1. Can you list residue pairs whose Cβ atoms sit under 8 Å apart, with the first residue in segment 184-197 being at negative phi and the second being among the aliphatic types (A, V, I, L, M) and in a helix (DSSP H, G or I)? Count only pairs 6 or more apart in sequence or on different chains.
2. Taking segment 114-143 as the region of interest, how many residues are in contact with a helix residue (DSSP H, G or I) (Cβ under 7 Å, 6 or more places away or on another chain) and among the aromatic types (Phe, Trp, Tyr)?
3. Given the criterion hydroxyl-bearing (Ser, Thr, Tyr), surrounded by fewer than 16 Cβ atoms within 10 Å (Cβ to Cβ) and touching a Gly at 6+ places or on another chain (Cβ under 8 Å), identify the matching residue among 143, 74.
4. Going by the conditions given, is residue 236 part of a loop (DSSP other than H, G, I, E, B), surrounded by fewer than 23 Cβ atoms within 10 Å (Cβ to Cβ), of a type in the set (S, T, N, Q) and not assigned by TED's automatic domain parsing to the domain that holds residue 69?
5. Residues to consider are 120, 127, 100; find the one that is in a loop (DSSP other than H, G, I, E, B), touching a strand residue (DSSP E or B) at 6+ places or on another chain (Cβ under 7 Å), touching a residue at least 12 places away in the same chain (Cβ under 8 Å) and small (Gly, Ala, Ser).
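The values are calculated or read from the model by the stated rules, or taken from the named source; none is laboratory data. Note that this is a predicted model, so its numbers are computed, not measured. Note that we place each Cβ from the backbone using ideal geometry, even for glycine, and neighbour counts take in every protein chain shown.
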Amino acid sequence: MEKNEFVKLMSFKRIKRIGNQKAIDLFTNSQLVVTYERSNYEISKMFDYCKSKKIHIISYFDLEYPDKLKKINSPPLILFARGNLCLLKKKLITIVGSRGASEKTKIWAYNISKELSDLGYVIVSGGAQGIDTYAHRGALNSSGETICVLGSGIDNVYPEENIPLIENISRRGLVISEVPPTESVSRINLLQRNRITSALGDKVLIVSIGRKGGGSKSQFRDAYSQGKEIFAPDPSLELKPNEGLINLIKENKIIPIQSVEDMFNFQIKKEEKGLKRFL
C-alpha cells in the first residue's frame, strides 16, 4: 500500500460515526476527503512505524486482502499484519473457546488443533488465554502454521502473558489486527475481532462456552450470522465449561463431534445429500 493512500483511508476512518463499510463505499466512489493536518501527520508517522517494524499494511482494496472478509458486515478497512501473508490463501479452520476452560478441555483443543495442522490446515484463533492459547500451541507443535487475530495492536499485545506466544506466531505463522500497532486493548476491539476470527475459517470449532461466556457467545453469533459450519465437542466428552454449548447443540445450530473424523464425515454426508438432490 502507498503511504498517501494509507493516510487518506486512516484519516477518513477516524471521522466519528463513519464505519468501515461507509468508508469503503465512499472511497470506492472517489468521495474520500482528507481531514485535519495534525491527524494526517500522526497517521503518516504510523505508516513509517509499520515499515520500520516490518508490519504489513493491507487495505480493503489490496490484492492481499482476504476475500472472506469482504463478504461480512463491516469488513475491516485496514489490516495490520506481521508474518506469512500466504497463510491467508490456505485451508483455514478457526478454533476458539473459553479462557477459563478446564485442563482436560484445553488438552483436547491442543490435540485436535495439532491433528488438523498435521492434515495441512492453518489454525486461526484469537491469542487469548485458555482455548485460544492451546489451539495456537497445537499448530505450532505441528506445521507451525497458525494465524492469531488480536484485539489489540500487534506491538501492544494483550494479554501480556502471551507475548512470547504471539512473537513465536509472528515468526512462524501470521499475526493480524485491525487495531493500529501500538493501540491498547478494549472490550469493543475484542468483540470486533471475533467477526474476523470466524470469517477467516472455512469451518469454526468452538471448544467451550460457559453459562455466561460473553466472548465465546459473541464468537458463536458472528460465526452463525456468517453462515459458517460450527462444530463443538459432543457433551458426552464432558469438556467443561459446556453449558453454553448444550442448548445450541439441541437447537441444531452447532454440530457435535468427538474427533476430527466426525468433522469430515459430516462434510461427506452433506455432499452426498447434495448429490442425491441433484440426481
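1. 196/69
2. Step one: list which residues in segment 114-143 are in contact with a helix residue (DSSP H, G or I) (Cβ under 7 Å, 6 or more places away or on another chain), which gives 114-117, 122-127, 129-131, 133-143.
Retained after the next criterion (residues that are among the aromatic types (Phe, Trp, Tyr)): 134.
Result for segment 114-143: 1.
3. On the way: 143 fails: surrounded by fewer than 16 Cβ atoms within 10 Å (Cβ to Cβ).
Checking each option against the conditions leaves just 74.
4. Values: part of a loop (DSSP other than H, G, I, E, B): no; surrounded by fewer than 23 Cβ atoms within 10 Å (Cβ to Cβ): yes; of a type in the set (S, T, N, Q): yes; not assigned by TED's automatic domain parsing to the domain that holds residue 69: yes.
Against the criterion (part of a loop (DSSP other than H, G, I, E, B), surrounded by fewer than 23 Cβ atoms within 10 Å (Cβ to Cβ), of a type in the set (S, T, N, Q) and not assigned by TED's automatic domain parsing to the domain that holds residue 69), residue 236 does not qualify.
5. Values: 120 fails: touching a strand residue (DSSP E or B) at 6+ places or on another chain (Cβ under 7 Å); 100 fails: touching a strand residue (DSSP E or B) at 6+ places or on another chain (Cβ under 7 Å).
One residue alone meets the criteria, 127.
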